[in-house]
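Read-outs: derived from the displayed coordinates by stated rules, not from any lab. Source: prediction; values computed, not measured. When we count neighbours, we look across all protein chains shown, and the Cβ atoms used for this are built from the backbone with ideal geometry, even at glycine.
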Amino acid sequence: MVYDLYQEGKRGPNPALWWVNNEGDELKWSFSELTDLSRRTANVFTQICGLQQGDHLAVVLPRVPEWWLVAIGCMRTGIVFMPGTMQLKTKDLLYRLQVSKAKGIVTTDTLAPEVDSLASKCPTLKTKLLVSDQSHQGWLDLRSLIKSASPDHTCIKSKTLDPMAIFFTSGTTGFPKMAKHSHGFALRSSFPSNRKFLQVKTSDIFWCLSDMGWILAVFGCMLEPWTAGATLFIHHMPQFDPKVAVQMLFKYPITQCFAATTVFRMILQHASTSLRFPTLEHCTTGGEALLPEEQEEWRRKTGLLLHEAYGQSETGICCGTLRGMKIKPGSMGKSIPPFDVQIIDDKGNSLPFNTEGNIGIRIKPTKPIGFFLGYEDNPAKTAEVECGDFYNTGDRATMDEEGYIWFLGRDDDIINASGYRIGPMEVENALSEHPAVAESAVVSSPDPIRREVVKAFIVLTPEFLSHDRDQLIKELQQHVKSVTAPYKYPRKVEFVSELPKTINGKVKRSELRKKEYGQM
Ligand code: BCO
């Protein structure tokens, strides 16, 4: 596959990238500028850094324009890029760099000192590239290297199943797994069946608000708009602010908006003015379920419908309400070819309509193009998610006679808080490092805005029993924010004298979760 996608004739008249920030800076790159700059970036990787096809490169950047140059530079050269959120802390970074045997990292001043503090524990890490206005000892300055690099570059002739990217995804146990994707993931964006989903036009100004660390960023902040020759709009806000999002939708001629459902909920909650956006035509939401009443409120206030998308780091978007398709409020739509999504039982048998089961994606006799290659270096985990002829997503749902899928929830302890998938053990491990915590159990708890939040049930150590509880909650929350990516911190904390356990001593998280949802 060749990444000169942006040939004459396929480009729209508008810029490829239209980037703004809170300080009023603005940048516009045409498709030819993007081609030129990404070629230079590819040359920096291979000629200056000595990176080669198949090498792993961690990309932990906020929404800076260089993110796109790095991603395309990797695709041109066959270097496997591994996006990460800027919320990663030292331990998260160490784990990712070690387990992936990363040859390099690209990041900013914010995380450079953290990387320096752990680099000696990462023997494979040879290249450190910085995106910054200032230089930093031991780091290569990516911006100046791009400026001086040659604009002549020939793409590798990648095959559909050659590795392209790795996304870290949390599980119920252990550390995040590495879901490895091929160049087929990018190819899928050009399939006519996929183009029907958002029906992006060259004239569209497409705004996707995904954090740059997730698969949704690759899909919504790159492949979808640029495969159509449309403009990708990006607002670099360090922290999401619904008021600013509303201002953007009034100020810029944005026609399509794609964001996690919590983003739309937050906009609705903070809306004090009219939400009749002048140019907005189509809205899509993913990462978490949308309630019929939320759909109705958005329609009432904006005159537009929210179209749902469903997917995981392993699959990308595999279900959704295609543009123009009848929306059934509360349903996340139908499977999008080449995916054949079915509701399956624990043995991998397709279940009858309107019967609850697991959401399965058919992977035999052939895997759909763009489906993940497997968990890197973890064939056992890859085998675990196979169920007969299907990949088992672990999400529960039903399907009606028209093929619409109705999401019900997880069948395990994973928490989906505002579109983030959070493994309870990652939070429990972080809590266990605090001297106040004798033991803890972390479960999902309902929330009106984020739909689910992380709740920690904590048994205190004797020394902390007499401490001020409100103060202790703040301290524990701060502690979790400091040792792991802050989006995982427990927004709710309850102190208990003991945790419910099985006779073998295993904590019964399901019992606590059911209590939260009033099912006990
Ligand atoms: O709410 P708090 O202020 O108490 O805490 C927030 C932040 O302030 C804090 N924080 C962030 N960076 C920090 C930090 N604290 C210390 N040091 C730092 N460096 O931590 C908390 C982070 O929570 P958050 O990220 O949920 O923040 P926020 O601002 O409320 O954002 C709301 C959303 C909706 C914008 C955010 O939750 C979000 O982006 N969610 C979507 C995630 C997503 O993109 N999911 C899609 C994954 S891909 C997929 O599902 C497959 C395809 C559909």
So which chymotrypsin sites (Phe, Trp or Tyr not before Pro) in segment 456-516 pass both tests, a DSSP loop state and at most 10 other Cβ atoms within 10 Å of the Cβ? none
To the nearest 0.05, the calculated FRET efficiency linking residue 244 and residue 276 through their beta-carbon distance, R0 being 22 Å, is 0.75
Between residue 453 and residues 5 or more places away or on another chain, the pairs with built amide H atoms under 5 Å apart involve 445, 447
Are any of the pairs 180/492; 177/508; 177/481; 326/347; 121/474 more than 26 Å apart by Cα-Cα distance, and if so, which? 180/492; 326/347; 121/474
At q = 0.05, 0.11 Å⁻¹, what is the base-10 log of I(q)/I(0) for the chain according to the Debye formula with one equal point scatterer per Cα and no solvent? Please give it to two decimals. -0.19, -1.00
Where does the longest stretch of the chain lie that holds no trypsin sites (Lys or Arg not before Pro) found in a DSSP loop with 12 or fewer other Cβ atoms within 10 Å? 348-505
Among all stretches of the chain without exposed GluC sites (Glu not before Pro) (DSSP loop, at most 15 other Cβ atoms within 10 Å), which one is longest? 24-280
Using θ = phi - 60° and the Karplus relation 6.51 cos²θ - 1.76 cosθ + 1.60, list the HN-Hα couplings for segment 295-301 in order, rounded to whole Hz, with x at every Gly or Pro. 4, 5, 5, 5, 5, 5, 7
Just add up the charged neighbours of residue 375: K/R +1, D/E -1, any other residue whose Cβ is under 10 Å from the Cβ of residue 375. -1
Counting DSSP beta bridges with both partners in the chain, what percentage is antiparallel, nearest 5? 55 percent
Roughly how many debye, to the nearest 20, is the charge dipole of segment 212-289 about its Cα centre, given +1 on each Lys and Arg Cβ, -1 on each Asp and Glu Cβ, and no other charges? 220 debye
Other residues with Cβ under 12 Å from the Cβ of residue 193 give, with Lys and Arg +1 and Asp and Glu -1, a net charge of +3
Neighbour net charge for residue 106 - beta-carbon separation under 9 angstrom, K R +1, D E -1: 0
